[in-house]
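The values are calculated or read from the model by the stated rules, or taken from the named source; none is laboratory data. Not measured: the values here are computed from a predicted model. So basically every Cβ, Gly included, is an ideal-geometry build from the backbone, and we count neighbours across all protein chains shown.
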Amino acid sequence: MFMLSAYLSSPSLSLPSTGRRVPYSYPFSHVTLIRTVVVSKGVALSHLPCSSGPAQQQLAVTDLRDHDSVAVDLTFSAIKECLSDAELRAAVSLRIRTFYNFKQSFGVEDYKRYLLEREYEALKERIAGKWMTFKRVSCINVTIPVSPTFESFYELYSSCKVSYGGNEHIVVGTLDVNQCFGLADEIIGKKPEGSGSDLRRAYLSNLCVAKELHRNGLGYALVSNSKIVARQWGVTDLYVHVAKDNEAAQRLYDKCGFVYENEEPAWQARFLGRPQRFLLWFDLREDNL
């Protein structure tokens, strides 16, 4: 993943062919998978094998599991592509607090700083075009101004804050849009076909929303904005991988217009030590985003 992220899947379940929406009633659980990893220097998280270590990483394209959350006034929220180092750092900080469960106290803060620096540098390189497998990458954040509401969310405030013109904001949601042929260890989209298809295909990854602010429409807003960005790049077919057992994420993508195209073979999911994943598709040639 870091892509601090990952690209997800789940156990075997036969569904109809391409074009069918994934209904809410399917017996899936959550789109995230939990596995224990030891992070090796210079290795992308999405390439890591399963092993024991100080943190539990939840590898998920989307983390939208049920949490206690609060309603907030989003009148002054903003969604935009990251342009500064501070914005990228705040995005990576949110992903680390979302995709990891730190179970040990000794050395955890040093380990978090290590993860932050490594994944921040990797994200910068992808956006700068230094990873050959990616044509283009954009990190999109949703931010809200600091308010008294966040007095009880000190950890979120302290790790994910960013300043705009002297005013403090908090990054409360983030995702990546990746224009490429395919993502590592993930099934590849079938559309479009023909030469140059890799330039007209993109994948979403690393979508997460601060658990304190679930059910405020932030995930939907991020996905909607990512469609606009991808279309501006000339992308015609947008994909996302989602674990079979993540009902909340599947509801989100169904609401956003994504439909089922394919699913990861059960043997591949077992080999990679993760839940099986669906591949969902959205047609960016539709007039209404």
Identify the single condition in (1) part of a helix (DSSP H, G or I); (2) surrounded by 18 or more Cβ atoms within 10 Å (Cβ to Cβ) that Glu155 does not satisfy, given that it satisfies every other one. (2)
Can you confirm whether Glu168 is over 17 Å from Cys82 (Cα atoms), among the charged types (D, E, K, R) and out of contact with any Asp or Glu (no Cβ under 8 Å at 6 or more places or on another chain)? no
Within the stretch 187-209, how many residues turn out to be over 22 Å from Lys124 (Cα atoms) and of a type in the set (D, E, K, R)? 4
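Restricting to the stretch 142-152, give me the number of residues that are in contact with a strand residue (DSSP E or B) (Cβ under 8 Å, 6 or more places away or on another chain) and in a loop (DSSP other than H, G, I, E, B).
Adding up the residues that qualify gives 1.
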Condition met for Glu87 (buried (at least 19 other Cβ atoms within 10 Å of the Cβ) and assigned to a helix (DSSP H, G or I)): yes
Members of the stretch 251-266 found to be under 17 Å from Leu218 (Cβ atoms) and either crowded, with 24+ Cβ neighbours inside 10 Å or touching a Pro at 6+ places or on another chain (Cβ under 7 Å) (or both), listed by number: Tyr253
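Looking at Lys135, is it surrounded by fewer than 20 Cβ atoms within 10 Å (Cβ to Cβ) and out of contact with any Asp or Glu (no Cβ under 8 Å at 6 or more places or on another chain)?
no
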Specify the residue that is modelled with the highest pLDDT; the eligible residues are those in the stretch 158-183 that are part of a loop (DSSP other than H, G, I, E, B) and more than 17 Å from Arg136 (Cα to Cα). Gly166
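Of everything in the stretch 208-241, what is on the phi > 0 side of the Ramachandran plot and more than 16 Å from the chain's Cα centre (by Cα)? Give them in sequence order.
Listed by number, the residues that qualify are Arg215, Gly234.
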Can you pull out the residues in the stretch 158-183 that are crowded, with 20+ Cβ neighbours inside 10 Å and either without any contact (Cβ under 8 Å) to a residue 24 or more places away in the chain or hydroxyl-bearing (Ser, Thr, Tyr) (or both)? Thr174
Here are the criteria: (1) touching a helix residue (DSSP H, G or I) at 6+ places or on another chain (Cβ under 8 Å); (2) closer than 20 Å to Asp176 by Cα. Tell me which single one Gln276 does not satisfy. (2)
Cβ pairs under 8 Å, 6+ apart, first in the stretch 85-98 and at pLDDT 95 or above, second assigned to a helix (DSSP H, G or I) and β-branched (Val, Ile, Thr): Leu88/Ile127
